[in-house]
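Visitor: Quick one: the structure is below, and I'll ask about it shortly.
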Amino acid sequence: MKKNAVTIAIAALLLVIFALLLFTFQVRQSEVVVVATFGKPTDTKNEPGLYFKWPWPVQNLYRFDQRVQTFEDKFSECYLADHSLVLASVYIGWRISDAKAFYPKFQGGSIEAAQRQLEGMLRTAKLQAFGSNSLANLVTTDPAQFRFEQIEQNIQAGVQRQLDEHDYGIKVEFLGFKKIALPEKVTDSVFERMKAERNQYITKAQSDGDRQAAMIKSSAERQAADLLNNAEATAKRIEGEGNAEAAKTLPVFQQNPDLAIFLLQLEAMKSSLNQKATLIFDERTPPFDLFRNLPAANSSPTQ
Amino acid sequence: MSDHEHHHHTHQPGHSEEKAGSPGHSEATAGAPDLHDAGSQALSEALRSSFFIVKLAMAALVVVILVSGIFTVGPQEKAIVLRFGKPVVQGTNLLLGAGLHWAWPQPVDEVVKIPVTPTGNLQVRSTVGWYYVTPEQEVAGTEPPGSGTLNPAIDGSVITADRNIVHSRATVTYHIDDPRAAIFDFGAGTNHEFNLEGVSNALLNAANEAVVGTAARFNVDDILTDSGGEYHAAIQRRITDLADAEHLGVAIDLVEVRSVAPRQLADVFAQVTSARQNREKVVTDARADAERILNNATARAYSVTNTAETARNNFVQSVRSEAGSFTNILAQFQGNPRLYEELELAKAMSVVLTNVQDKIYLPQRADGQPRELRLQLNREPQEPNQR
């Protein structure tokens, strides 16, 4: 009996495994599975886990990648409202949002086929968005005019609207400018303008330097003159103070002004007739007035 | 079954006789049950050995199942275990690192391996704003020559707010913050494998958008100098915002931004730089001159006031000493003023006559008339050959 029980258990286990393989299916984290009953889509499973199904030929499974796919459109010319011409390329991140709607639209649920479709829609939305904005909305330092992100949002909304209209089961998760550039023929004139601007900067830098240097120097010279003037004034004041101080001794000299004057004259004479001086004198000059009293005054001048 | 019943039935008398205690008869009838026992025994043996083999096979199967669940993760990959399609978080980490691991065999568990870089550092570099360089030129740090115009199909560039053209690029270093989002939410084209290519593409697009969109609202000089780092900060902020908004599951560690003028204008841009540097030099030189002028003036002013101080002190001192000596002299003078004067004059004259270099004595004319004296004050220097 025991042996029979083991046999039955093994048989049951095998049966269960077989039934599980036949009647269940798994959905991976990144997948979405469409369950079709007799060829008609009846259910969608987009959460990962283990699910029940009827075996073939009752139910069929169609698996799709539910991850965000990114691609970019062609780098193409776009006219703006102010007739400027730019080259632009847009990247787009999209994913299957409704697999039941998605898979009949694209053969075998082909990602490439979906992207081809998306590219066409993107071109239309891009041209529309560019056509209703000027270059000043795309490149400017003025935040009030800058509409870069709004233009991106408009393109995204334009693509999503077309997708929804045709019920493609696709959601655009994000969209942005990959590249914006000027056409080659325009770059030449831009370079010429940039060159002219740079030359202006060179001239400005030179004159700026000279002007600043002159200002710095003249300011320093003025300050230096002020300093010297102040010093001269101080010196004058000091001199005046000295005179006032000296004047205090005047009463001493007033005791005998003749003597005072005589002494001053004497001092002045001594200090003025220094070594490099030439003195011309005759016998009236003391002490040579002694010569007057000589018996014969016929001597020649002495050098 | 009927054979068995018949067999049983035919032996019934023999059985009763055995009960009656006849040994001879018993021997005669013993052959049939022996044959039966041997057969069942053989069958039972066969069954037993079959069961043993089955058991062995089952045990082997269990071992095989258990062993088949062992898997290794290499140094340049990470692994995620999916149980019935759903990621199993082991501990706090979704990603299994290098080493030996175990999971239930298919179809319960599925092991997904994700290639990673050896250093673990992930990096993308924006591609759209830079001119074309070959990998060799990139490594060597050399630049291709610039032609007259810029072909946007070959060389990338960005348009600035003041409608100029520059080259600018951002290099983004990042790490995976949310592996579940980064791995399971982003695909790379039709590739159904799990890897980080999808999220890397999405981040590259974000970096491109950030460079194009940020350059569009900065002037060319602000981009090229970026002295305040505002352009760099704006790009980093935009990349981070896009990564968050798009739920990429990555965290931005570092954004390096590099911007250069178009190669076609390299000379004129260099001249501007040189002119600006020269301006700085002129101004610096002027500052040095100004400092020298001020220092000189300060020194001179100091000297003027000092000289004045000294002169005052000397003057006051000398006047005082003269006043002192005057007081002393006064008594002598008052005794005989004329004599004193004559004496002092004679003394002074002797000093003067000793000191002066040239002394000219001019005797009075006999008629008492003054002599006419002609002095040549500016003598012409004597020429050497006349000497």
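Visitor: Run down B:340, B:302 and say which single residue is surrounded by 11 or more Cβ atoms within 10 Å (Cβ to Cβ), more than 7 Å from chain A (Cβ to nearest Cβ), under 30 Å from residue A:246 (Cβ atoms) and touching a helix residue (DSSP H, G or I) at 6+ places or on another chain (Cβ under 6 Å).
Guide: B:340
Visitor: Also: Could you say whether any residue in segment B:351-369 is in a helix (DSSP H, G or I) and under 60 Å from the mean Cα position of the chain (by Cα)?
Guide: No, every residue in segment B:351-369 fails to be in a helix (DSSP H, G or I) and under 60 Å from the mean Cα position of the chain (by Cα).
Visitor: Moving on to the next point. If you take the residues in segment A:130-179 that are more than 10 Å from chain B (Cβ to nearest Cβ) and aromatic (Phe, Trp, Tyr), which one is farthest from residue A:104 (Cα to Cα)?
Guide: Only one residue fits best here, namely A:130.
Visitor: Going by the conditions given, is residue B:127 within 13 Å of chain A (Cβ to nearest Cβ), within 25 Å of residue A:68 (Cα to Cα) and surrounded by fewer than 22 Cβ atoms within 10 Å (Cβ to Cβ)?
Guide: Taking the combined requirement at face value, the residue satisfies it.
Visitor: Return the residues of segment B:134-171 that are more than 10 Å from chain A (Cβ to nearest Cβ), among the hydrophobic types (A, V, I, L, M, F, W, C) and touching a Ser or Thr at 6+ places or on another chain (Cβ under 8 Å); say none if nothing qualifies.
Guide: B:170
Visitor: Please return the ranges of helices (runs of 4 or more DSSP H) entirely within segment B:178-265 where 1 or more residues are without any contact (Cβ under 8 Å) to a residue 24 or more places away in the chain and more than 30 Å from residue A:184 (Cα to Cα).
Guide: B:197-215, B:230-245
Visitor: Continuing with the same structure: Tell me, which residue of segment A:24-56 that is within 13 Å of chain B (Cβ to nearest Cβ) and hydrophobic (A, V, I, L, M, F, W, C) is farthest from residue B:47 (Cα to Cα)?
Guide: Filtering first and then ranking leaves A:32.
Visitor: Kindly establish whether residue B:360 is at the interface with another protein chain (Cβ under 7 Å from one of its Cβ atoms) and out of contact with any helix residue (DSSP H, G or I) (no Cβ under 6 Å at 6 or more places or on another chain).
Guide: Criteria met by residue B:360.
Visitor: I'm trying to understand the selection: among the residues of segment A:175-189, which are farther than 12 Å from residue A:94 by Cβ and either buried (at least 20 other Cβ atoms within 10 Å of the Cβ) or touching a residue at least 40 places away in the same chain (Cβ under 8 Å) (or both)?
Guide: A:176, A:177, A:178, A:179, A:180, A:181, A:182, A:183, A:186, A:187
Visitor: What's the number of the only condition in (1) buried (at least 20 other Cβ atoms within 10 Å of the Cβ); (2) closer than 22 Å to residue B:128 by Cα that residue A:172 fails to meet?
Guide: For residue A:172, the exception is condition (2).
Visitor: Within segment A:260-280, can you find the residues that are surrounded by fewer than 16 Cβ atoms within 10 Å (Cβ to Cβ) and touching a helix residue (DSSP H, G or I) at 6+ places or on another chain (Cβ under 7 Å)?
Guide: Once the filter is applied, which keeps residues that are surrounded by fewer than 16 Cβ atoms within 10 Å (Cβ to Cβ) and touching a helix residue (DSSP H, G or I) at 6+ places or on another chain (Cβ under 7 Å), segment A:260-280 yields A:269, A:270, A:274, A:275.
Visitor: Consider only pairs whose beta carbons are under 6 Å apart and that are at least six residues apart or on different chains; among these, list those whose first residue lies in segment B:81-110 and is more than 18 Å from residue A:27 (Cβ to Cβ) and whose second residue is among the acidic types (Asp, Glu).
Guide: Final answer for the pair search is B:103/B:109.
Visitor: In addition: Which of the residues that make up segment B:250-280 are within 30 Å of residue B:195 (Cα to Cα) and either aliphatic (A, V, I, L, M) or surrounded by 20 or more Cβ atoms within 10 Å (Cβ to Cβ) (or both)?
Guide: Passing the criteria: B:250, B:251, B:252, B:254, B:255, B:257.
Visitor: Now, a different point. Step by step: first the residues of segment A:279-299, then only those that are facing another protein chain (nearest Cβ under 8 Å) and assigned to a helix (DSSP H, G or I), then the one that is modelled with the highest pLDDT. Which residue is that?
Guide: Among residues in segment A:279-299 that are facing another protein chain (nearest Cβ under 8 Å) and assigned to a helix (DSSP H, G or I), the one modelled with the highest pLDDT is A:288.
Visitor: Within segment A:231-251, restricting attention to residues that are closer than 18 Å to residue B:321 by Cα and exposed (fewer than 15 other Cβ atoms within 10 Å of the Cβ), which residue is nearest to the other protein chains (Cβ to nearest Cβ)?
Guide: A:241
Visitor: Please go through segment B:273-330 and pick out each residue that is among the small types (Gly, Ala, Ser) and in contact with a Phe, Trp or Tyr (Cβ under 9 Å, 6 or more places away or on another chain).
Guide: Hits for segment B:273-330 are B:275, B:323.
The values are calculated or read from the model by the stated rules, or taken from the named source; none is laboratory data. Keep in mind that this is a model prediction, so the values were computed, not measured. Backbone-built Cβ (ideal geometry, glycine too); neighbour counts: all protein chains shown.
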